[in-house]
Amino acid sequence: MTTQAVSVTTGNPAMSKIFTDSATDGVWSGNVLTDTISAQSIGILIPNATLTFAQAEYEGGCMAWRLQNAQTLQVTARGWGVKAGFNCMSEAPIMPVRVSPNDILTAYPLPVDATAAKSNALAWVHTSKGVELFDALAIPDNTATEMKTAVNNQTLGDAFFNSVLQRISVQCEDNARLDSIQIVDSMGGVVYTAQGSVRGQTPSSRSNEYNLLIPSLGIEIGKGWKLNIITVSD
């Protein structure tokens, strides 16, 4: 498995710290970021501090991050990284969150797919039952490809049956274009579709963090439903 350097700079108007790791691509497990000076995890270093922003970076590809209690596994903050050097403070604010002494920062990076006409992508999927990170690897250009949960490879319908889809945010690998996403029912019908774009250093980019953000949805998820993605690599 490949690795890459990742970092999260986080804090509030009065202080901030930088946490880093040499993270393994395609997993959460083991990718715990520690302070650059003390080598301590965030919960040990700044317990009870309130975080109001987070700037996360990766070397190449795409990346999600989360603040998680190592004992209860509760996630209290999450977001996207950007390619190193492309952070913008205007995109860094997060909902204020207090750091628990048991909290850790973890990262889930994916590399740029090495094969021509294929790309990798991630999606944060928010529902009335909870939030999960979805991924899809080696997506062929212009081909609807299913995304599944990054942790246990479940479909949208398996993970969130009988819940309401509320929000989706998608991040494709560097320079890849998100053509669209599709919510597909058990009969193969497209219930909902939305077009995406590119991010970063391109004329049509609206964000360095995401290719698509749909902040307000109200779709009841049925058994056998899927989340499909269509991308075009650089």
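The values are calculated or read from the model by the stated rules, or taken from the named source; none is laboratory data. Everything numeric here is computed off the predicted structure, so don't read it as measured data. We place every Cβ from the backbone using ideal geometry, glycine too, and count neighbours over all the protein chains shown.
Table for the structure above
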read-out	value
Strands (runs of 3 or more DSSP E) fully within region 166-234 counting 1 or more residues that are touching a strand residue (DSSP E or B) at 6+ places or on another chain (Cβ under 9 Å) and in contact (Cβ under 8 Å) with a residue 40 or more places away in the chain	177-184, 212-214, 226-232
Yes/no for residue 61 being on the phi > 0 side of the Ramachandran plot and surrounded by fewer than 16 Cβ atoms within 10 Å (Cβ to Cβ)	no
Subset of region 50-92 that is farther than 12 Å from residue 104 by Cβ and basic (Lys, Arg) - its residue that is modelled with the highest pLDDT	78
Boolean, residue 131 is within 14 Å of the chain's Cα centre (by Cα), surrounded by fewer than 19 Cβ atoms within 10 Å (Cβ to Cβ) and closer than 19 Å to residue 79 by Cβ	yes
Of residues in region 148-157 being in contact with a strand residue (DSSP E or B) (Cβ under 8 Å, 6 or more places away or on another chain) and not hydrophobic (A, V, I, L, M, F, W, C), the one surrounded by the fewest Cβ atoms within 10 Å (Cβ to Cβ)	154
Residue 162 being under 17 Å from the mean Cα position of the chain (by Cα) and either assigned to a strand (DSSP E or B) or not assigned by TED's automatic domain parsing to the domain that holds residue 61 (or both)	no
Selection from region 67-83 of residues that are without any contact (Cβ under 8 Å) to a residue 60 or more places away in the chain and touching a strand residue (DSSP E or B) at 6+ places or on another chain (Cβ under 8 Å)	67, 68, 69, 70, 74, 75, 76, 77, 78
Qualifying positions in region 3-34 - assigned to a strand (DSSP E or B) and acidic (Asp, Glu)	21
Condition met for residue 44 (farther than 23 Å from residue 211 by Cβ and either surrounded by 22 or more Cβ atoms within 10 Å (Cβ to Cβ) or of a type outside the set (S, T, N, Q) (or both))	yes
